[in-house]
Amino acid sequence: MKKVLYITYDGLLDPLGYSQVQPYLRALAGKGASLWVLSFEKAERLRESEAGLVKSRLVSCGIAWHYLRYHKRPAVAATAWDIAVGFLTGLVLVLHHRIGIIHARSYIAAAIALGLCRLTGTRFLFDMRGFWPDERVEGGTWQAGGLLYRIFKRLERIFLGRADSIVVLSHRGAELLPGMIPARRTAPEIAVIPTCADLELFQPWPGKKREAGGLKLVYIGSLGTWYLAREMTEFFGELYRRLPESTFTVITPSSPAVFYSSLEGLSLPEGAAGRIRISALPYQQVPEVLGEADCSIFFIRPVPSKQASCATKFGESLACGVPVVINSGIGDHDRQVESRNVGVVVGRMDGTGYGVALDRLLALLEDPQLARRCRKAAEEEFALDSAADSYLELYRRMSADRV
């Protein structure tokens, strides 16, 4: 099997790097992949002790990690600089180590990989992670039809036309791809590999008991553009009306101000605000808070680009035996929740819709097999080990296609 250069514009020292990138890399190395990693790290996270600890862990797995400084401003020039420096660094790694496959995680990494593959003849795995240019527009970062959007939609078409293999996070996303891929002599292989969970770290919490008169509702993750903090809090308000001993715990790396600013003008039942807790925790402590919860909630803005998404917190919640409360229209979430009966899908984001969902949730929580069913769903659909096997099989096939 050919050597692999894994390029990620998300830093390994970012929360996402800890929850997603690092576990995947270790799992792949453990199964025999020869990996070199190139990432872009933010200055505030590049504390020597932390970076050194991560590097030593990766080295112990046989992974060579090279990182560059991430630049944010001025936005366009900084990203162009990162792409140029990433290309030059990647070129040295590819030539020096005779790397045969470049695994690009999302679009900026793919821009680096594209030039490297054209220059050196290496194979190109485009790990899309979603429809990023459309996400930027629908999230309000870019203008629809603006220059950046048009540039990256053009690049997206080139990536899809050049990639030897393409990975998407959902079957709904995969269904949209054929209309996006330009005509080409050989069709790329398309694989659906959802965002997975570390089942060793995220496990059901032993001895958990529901408290009389209330539920423990938890949200895990960043706040801001995509996550509907106001609507999630409205849902908690309806829960509190019924069960006034309920609590809502928000574990987030984002500033609490982001959460509270979204609640301006929101009318909650008296006393409900005092039952909301917001804090930040190291990634290794998240499973304990999640495992103690009665249910996990995440409402995501249901825009078209999110059909290609899969929330990290979905698999992590199920792995802890915790059912989920979600809204509709995000990736394959609806199908997975309803077919496996591991949570509830809120149909309408208003008091009536929340009430219907609460009726279903409270009935579901009476099922003694619920936690076991959640864990089984995580093991069958979101296991990190299975995802690593899928990537490894792609590497093998990409290695075999050319001498």
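The values are calculated or read from the model by the stated rules, or taken from the named source; none is laboratory data. Here the structure is a predicted model, which means the values were calculated and not measured. Cβ atoms come from the backbone with ideal geometry, glycine included; neighbour counts cover every protein chain shown.
Going through ASP14, ASP82 one at a time, which residue ends up being modelled with pLDDT under 95 and farther than 21 Å from LEU394 by Cβ? Lay out the reasoning, then the answer.
Numbers: ASP82 fails: modelled with pLDDT under 95.
Only one candidate passes the filter, namely ASP14.
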> Can you name the condition, by its number, that LYS2 falls short on among (1) assigned to a helix (DSSP H, G or I); (2) among the charged types (D, E, K, R); (3) touching a residue at least 40 places away in the same chain (Cβ under 8 Å)?
Replying inline: (1)
>> Can you find a residue that is free of Cβ contacts under 8 Å to residues at least 40 places away in the same chain, over 20 Å from VAL322 (Cα atoms) and surrounded by 16 or more Cβ atoms within 10 Å (Cβ to Cβ) anywhere in region 276-283?
In response: no
> What are the pairs, 6+ residues apart or on separate chains, where a residue within region 124-138 that is within 14 Å of ASP10 (Cβ to Cβ) has its Cβ under 8 Å from a residue that is of a type in the set (Asp, Glu)?
Replying inline: TRP132/GLU156
